[in-house]
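The values are calculated or read from the model by the stated rules, or taken from the named source; none is laboratory data. Here the structure is a predicted model, which means the values were calculated and not measured. Cβ placement follows ideal geometry from the backbone for every residue including glycine, while neighbour counts extend to all protein chains displayed. Note: areas computed on protein heavy atoms with side chains; ligands, DNA, RNA excluded. Shrake-Rupley method; radii C 1.70, N 1.55, O 1.52, S 1.80 Å.
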Amino acid sequence: MMSDFEITYLHRISQLPLDADAEMFRQYPAFKLGVADSVRHYAQLLLPLVKRLIVSDSEHTGWILTAPAIAAQTPAAANLLCWELFDLYMRERDMRPSKELSLIDIQHDSESTASTHWKDPTKTQDYAKLDFADRVTERERFSRRLVRNADFHGRPILFVNDMCVTGAQQHAMQQYFERVEAACVRWLYVIVVDPEIGRTEPRIEWQINFVPFGDLLRMVSREQIQFTSKCVQRLMSLSIAELDQVLRALNGERRTRLLELAVLNGFQNLDGFQEQIELVRSYGAKEIRAAGDGGRMWM
């Protein structure tokens, strides 16, 4: 059993009101959508912290880098961040000796059942808008379907995530790592919110994530991007007129990818999204292509 709850982060929110225009937050909305330059920006900032955490620990070797579980074959921004961090670390390791680091993606057993079995269709599909109690319930619901991985047994874990607001996800993942008997866990975040602020103002995450429609349109149609779960949720929550404008701006590959991910995430089974699904389908994507390695590709 583990008792180590060490948390490392780039930025801590300890008072309100929030300055959403601060340097640390400027690329965060694009990062959450999956824009490559913004993912790389935060990975480069986190890389020195990764190296420090691993090198300064003389007790453990054979570290594993991981992130929140991938559900419905759709990466979250934290998964993209984890992959980019691993690539940066390994490139530096090729140039100078450093401790061994492995990459493992935690899987979520969402493919065997309909999406609504592990998402509550009565709640908002935007996690950033949930209050504290609903976040705890959602994480408990989600964690019940995490796939056990014996490779974590006895190994030190470096868990990468984007933001800690209420601690609900960290608590669920701590229980997961205890069940697989990992040696220890170090928690690495881009942003950490003070517990009192996180519990009373959990929608602060939505405020930091928010991007105006014009910027959203530009990012998903022109930037090098990999659609994240947040990106799909944001696009499918647009009005019909706005979604039509987006679809007209996307190329065929991106339209097909959006349809694939929307179906994998079960939007066709959720109330209030039927018109959006039919609109995406009407743009000519005739079939859902296989997701392959979990969507590790930029468009």
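Brief remarks follow.
- Remark: accessible surface ordering of R91, R12, R254 (largest first) is R91, R12, R254, probe radius 1.4 Å.
- Counting every pair of alpha carbons in the stretch 225-282, the share spaced more than 15 Å apart comes to 38 percent.
- For V185, the residues whose amide H sits under 5 Å from its own are D4, I157, ignoring neighbours fewer than 5 places away on the same chain, with H placed 1.01 Å from N.
- Heavy-atom surface analysis with a 1.4 Å probe gives the stretch 1-64 a carbon and sulfur content of 49 percent of its accessible area.
- For the stretch 10-97: accessible area per residue (Å², 1.4 Å): 44
- Net charge dipole, the stretch 162-208: roughly 80 debye, given to the nearest 20, about the Cα centre with Cβ charges of +1 for Lys and Arg and -1 for Asp and Glu.
- Close amide H partners of I13, meaning residues 5 or more places away or on another chain with modelled amide H under 5 Å apart, are V192, V193, D194.
- Equivalent ellipsoid, the stretch 60-105 (semi-axes from 5 times Cα gyration tensor eigenvalues, Å): 23, 12, 6
- Accessible area per residue, Å², the stretch 218-259 with all protein chains present, probe 1.4 Å: 38
- Taking all protein chains together and rolling a 1.4 Å probe, D19 ends up with roughly 90 Å² accessible.
- Ordered by 1.4 Å accessible area with all protein chains kept, Y283, Y28 run largest first as Y283, Y28.
- When all protein chains stay in place and ligands, DNA and RNA are ignored, the 1.4 Å accessible-area order of T74, T61, T200, largest first, is T61, T200, T74.
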